[in-house]
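Laboratory data are not the source of any read-out in this text; all were calculated from the coordinates shown. Just so it is clear, the model here is predicted, and its values are computed rather than measured. Ideal geometry is used to build each Cβ from the backbone, glycine not excepted, and the neighbour counts take in all protein chains shown.
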């Protein structure tokens, strides 16, 4: 997701010793304004994220651990900030580290994806090679995230993560070969590359022996 003039901050929550555990909305990111916590963004469901609490799923009071998100403006300028829990008295707060605030002050990186290529046809024992170019056209370093979703005849996600400095370009290659080692009859291999701002579909025809 690339929400334009906003940025998403994710915080790991561990409420094992809390009685009662807070709801996501009981947590807030507070600087000059207060931004409420959530586990769904614009009606989008659960997302797997590693926030260091040994659970990559969204926080909920029954699981006691997980992540809570905050929707912040970009760039975000504040000398100090805190996470606060408002459903208890007195209110409990945690300071936001200076390096996190420094990262929030930066403008968003600008990634451009081009030259998406894949074979049009493959043999039954030949893998599909997918390549595309990424460029950081912005003024700050950043982490490009995407996923190559294999859609058929079997499904599997392949996350992609690349760190690029301003002006850097890289060519990324991905291989789809799950069908080469199993006995299946498939007329086509379907997949989609999903990036924050755009997606690219692929439908590669599988040639049978002699075709």
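List of remarks:
- At R0 = 30 Å, FRET efficiency that the Cβ-Cβ distance of residue 175 and residue 110 yields, to 0.05: 0.60
- Calculated P(r) of the chain - Cα pairs past 31 Å, %: 37
- Taking one quarter of the surface of the convex hull spanned by the alpha-carbon atoms of region 6-105 gives a direction-averaged projected area of 6.4 nm².
- Per residue, the Cα convex hull of region 111-207 amounts to 79 Å³.
- Computed over region 1-41, the convex hull of the alpha-carbon atoms projects to a mean area of 3.8 nm².
- Over the Cα atoms of region 99-151, the radius of gyration divided by the Kirkwood radius equals 1.18; this is the Rg/Rh ratio.
- For region 54-148, alpha-carbon Rg relative to the globular expectation (2.2 N^0.38 Å, N residues): 1.68
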